[in-house]
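The values are calculated or read from the model by the stated rules, or taken from the named source; none is laboratory data. Keep in mind that what you see is a predicted model, and the values were worked out from it rather than measured. Backbone-built Cβ (ideal geometry, glycine too); neighbour counts: all protein chains shown.
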Amino acid sequence: MAEITQPHPQPSAWGRILRDRAVLAILAVLAALALLDLPQLGPNVSFALQALLNTGLFIVFAVLAVAYLKATGAETLLARAFEGREARMIVAAALIGGLSPFCSCEVIPFIAAMLTVGAPLSAVMAFWLASPLMDPAMFLITAGTLGFPFAIAKTVAAVSIGLGGGFFVKALSSSMLFADPLKIAPKAACCGSGCGTGGDDPFHARTEWAFWRTAERRVTFRETVIENALFLGKWLLLAYLIESLMLEYVPADLIAGVLGGSGILPILLGALVGAPAYLNGYAAVPLVEALLAQGMSNGAAMSFVIAGGVSCIPAAVAVWALVKPRVFAAYLGIAVVGAVLAGMVWGAVA
């Protein structure tokens, strides 16, 4: 008997919205405020909307910049980071990883292909460590909220951790820790924040800087603008709502007592709490702003965003999907050590 398959009905627009974790969290925050402290609902929402408006210019510029890079197919230039001598590959991969506008799961097929054809794990690790920490949109959001010095310092930290991790893996490349690192390569996947153009083969896709001459690239630009504007808007709105709650309900002396002051302990704690408290790179920025306002030390703030950025679920899952547990553990270990060192340096100079 022939099997009859029925097409799965596509969810409506409202259905997709109500399944979105960020939207559900926003609704949960608003409902909790309405039930538990109704007079505070208006001021908190006003605070969040005003904060979102204040970063609006950075959001617009970031969205347009990322859409341009996507529409031109500029992510194909990533392949050049994995050509040549190993030391040069590590440096190029760390630099591109710290500056590229692509989410962790977008590069899974690319990195899987690189490891499969024999690209050194050292260069791949450099890219993987730097990539989730900074991109053009995150730089602008960070600069608009925490200031350009913090954004520049985080960028330098991202590239430095990528370099350190890459050369560490290179030094131990012949050990059992990094031998035969790859699991079965997964199929291409997308994280929903604007996957790039260029097809499945990043080596043969073409970069076209004047993207508006091609109808398909114009569509990519428009869709990427809409997708990233919604992505940034919902996560930042949630983050600003959480910031308003923290400023209203969390005692400042509690934060100052745990994560304030000098020394290495607040920096270590910042790195340790970064992972569970991290929403995503964009939502973490207002969270850090609130923590700083309540007494968090500068060094702890830097270690928080570095450790949280590398160990957040999308970045960690991207690595776990491709490499064996021992390599994954090394990835997290390098990230935590790098976060603590970055926090110590930033705490000393800020």
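Here are some notes:
- Qualifying helices (runs of 4 or more DSSP H) (wholly inside segment 1-63; at least 2 residues being under 24 Å from the mean Cα position of the chain (by Cα) and modelled with pLDDT under 75): 13-18
- Considering only residues in segment 134-154 that are at pLDDT 90 or above and surrounded by fewer than 19 Cβ atoms within 10 Å (Cβ to Cβ), the one that is nearest to the chain's Cα centre (by Cα) turns out to be Ile152.
- Qualifying residue in segment 263-275 (condition: buried (at least 21 other Cβ atoms within 10 Å of the Cβ), within 15 Å of Ser131 (Cβ to Cβ) and either at pLDDT 85 or above or among the β-branched types (Val, Ile, Thr) (or both)): no
- For segment 155-202, a residue qualifies if it is at pLDDT below 50 and of a type in the set (Ser, Thr, Tyr), and the qualifying residues are Ser193, Thr197.
- Some residue of segment 324-331 being in contact with a strand residue (DSSP E or B) (Cβ under 9 Å, 6 or more places away or on another chain), within 23 Å of Leu172 (Cβ to Cβ) and β-branched (Val, Ile, Thr): yes
- In segment 300-307 there is no residue that is within 23 Å of the chain's Cα centre (by Cα), farther than 15 Å from Met138 by Cα and at pLDDT below 85.
Residue by residue, here is whether (1) at positive phi; (2) not aromatic (Phe, Trp, Tyr) holds:
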| position | (1), (2) |
| --- | --- |
| Thr145 | no, yes |
| Phe148 | no, no |
| Thr155 | no, yes |
| Ile161 | no, yes |
| Phe167 | no, no |
| Ala171 | no, yes |
| Leu177 | no, yes |
| Asp180 | yes, yes |
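- Among the residues here, Val66 does not qualify as at pLDDT 85 or above and not charged (D, E, K, R).
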